[in-house]
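Contents: one structure, followed by commentary.
The values are calculated or read from the model by the stated rules, or taken from the named source; none is laboratory data. Only a predicted model underlies this, so the values are computations on that prediction, with no experimental measurement involved. Neighbour counts run over all protein chains shown; Cβ positions are idealised from the backbone, glycine included.
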Amino acid sequence: MAPIPIVFDTDPGVDDALALMLALASPELDVMGVCTVNGNVSLDICTRNALGLLQLLERNDVPVYRGADQPLVREPVYATEVHGKEGMGAAVLPVSHVAAKENAAAFLVEQLTQRPEEVTVIAVGPLTNLALAEKIMPGVLAKAKRVVAMGGAVVAPGNASATAEFNFYADPHAAQDVIRSGAKLTLVPLDATQQVGLAEAVIREKIVPLDTPMAKFVVDAVANVLAYGEQLGRDTVVYLHDPLAVGVAIAPSMFDCLQFSLDVETVGDLTMGQLVSDRRQAPVGGRLGHTVNCVMGVQADRFLNLFLERTLNLQAE
Ligand code: BDR
Ligand code: CA
């Protein structure tokens, strides 16, 4: 089967980098371009990281498009405590001599209109670029074969606030626009992504001894995430949030999906960015929101093995 053309929208970000590594190592996918967005760190840093990672992977043939440098409405919030000041933990990426192109939303519109029903958009950052594409051309996201977006928390608690997951918290208006867009959307919420963690022991016992440039990059990149978890007294694992969205596109049989009626809250000290699912039984006046396919379960061991095999050539035991 011909590989699926992909637009990869991202805010690298440690797990974003792991997701791009997986996408580029997957013969099922053909990454047409990488769009960057303000998110975990500023747009400039995200763009530099995307270019540096492509340089490290010797994939400078993949173009990078600069996207939104701020959310649609709210003030920017960053996740430097998790991803480090430069977004890549303790890893230092090579400097790329390739320049990023302008602009991500226009690139999305171009790809989706030139190849209707063919292109899959994998979005693993705040959804600002996707919302801007929809503003340029209303209805354009519905031309995608599929939009797979990591974001939100259906039943699980938030990770950026008590109620909100980071990507939705960082641009709630964009998340709301995408949920309401009519796109064939598969959401990959925290409910699923927190089922797959790269444990500290696996990193120490299996990845460190590999001693390759890519293994070294991964070990250095995840160090900050692990230290932050430890500091907070949480499990010392690196959740594979963003790689899971790639997994949905390459190995759908590993995932269990459920449909929910969803909308996104854009206001409120306690609720900004909350994904609201109407789970009432036969509500009077009908269910609120829009029907969205949500990944709620994953065969965690199978996915982790696939991830390690493809990104680091580590064979499962
Ligand atoms: C999401 O937030 C970001 O910090 C990660 O890169 C991921 O996309 C998880 O909530
Ligand atoms: Ca991300």
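Quick one: in segment 1-15, which of the residues that are under 20 Å from Ala144 (Cβ atoms) and crowded, with 24+ Cβ neighbours inside 10 Å is nearest to ligand 1 (Cβ to nearest atom)? Out of the qualifying residues, it is Asp11. Before we move on, is Asp9 in a helix (DSSP H, G or I) and either among the hydroxyl-bearing types (Ser, Thr, Tyr) or within 16 Å of ligand 2 (Cβ to nearest atom) (or both)? No; evaluated as a whole, the condition is false for this residue. Would you please name the residue that is nearest to the chain's Cα centre (by Cα), looking only at residues in segment 184-207 that are of a type in the set (Val, Ile, Thr) and more than 13 Å from Leu308 (Cα to Cα)? The extreme case among them is Val188.
Could you tell me which of the residues Leu270, Leu226 is away from ligand 2 (no atom under 16 Å from the Cβ) and either more than 22 Å from Ala79 (Cβ to Cβ) or crowded, with 16+ Cβ neighbours inside 10 Å (or both)? Criteria check complete, one pass: Leu226. If the condition is being more than 13 Å from ligand 1 (Cβ to nearest atom), within 14 Å of the chain's Cα centre (by Cα) and more than 19 Å from Cys257 (Cβ to Cβ), then segment 129-171 contributes Asn129, Leu130. When Val276, Val295 are checked against the criterion of being of a type in the set (A, V, I, L, M, F, W, C), modelled with pLDDT of 95 or more and touching an Asp or Glu at 6+ places or on another chain (Cβ under 6 Å), a single residue qualifies: Val276. Of all the numbered requirements in (1) within 16 Å of ligand 2 (Cβ to nearest atom); (2) closer than 19 Å to Cys46 by Cα, Pro172 misses one, and that requirement is (2).
Filtering Val276, Val248, Val225 for residues that are more than 21 Å from Gln195 (Cβ to Cβ) and outside any loop (DSSP other than H, G, I, E, B) leaves a single hit, Val276.
Flag: Ala19 does not match the condition of being out of contact with any Asp or Glu (no Cβ under 8 Å at 6 or more places or on another chain), in a helix (DSSP H, G or I) and either crowded, with 21+ Cβ neighbours inside 10 Å or not aliphatic (A, V, I, L, M) (or both). In segment 61-86, the qualifying residues are those that are away from ligand 2 (no atom under 15 Å from the Cβ) and aliphatic (A, V, I, L, M), and the one that is surrounded by the most Cβ atoms within 10 Å (Cβ to Cβ) is Val64.
Take the conditions closer than 21 Å to Leu29 by Cα and touching a helix residue (DSSP H, G or I) at 6+ places or on another chain (Cβ under 9 Å) and apply them to Leu57. Does it pass? Yes: the conditions hold for Leu57. Screening segment 179-207 for residues that are part of a loop (DSSP other than H, G, I, E, B) and hydrophobic (A, V, I, L, M, F, W, C) and picking the one that is farthest from Gln315 (Cα to Cα) gives Ala183.
Evaluation of Val208 against the conditions (1) in contact with a helix residue (DSSP H, G or I) (Cβ under 7 Å, 6 or more places away or on another chain); (2) touching a residue at least 12 places away in the same chain (Cβ under 8 Å); (3) not polar (S, T, N, Q) shows that the sole unmet condition is (2).
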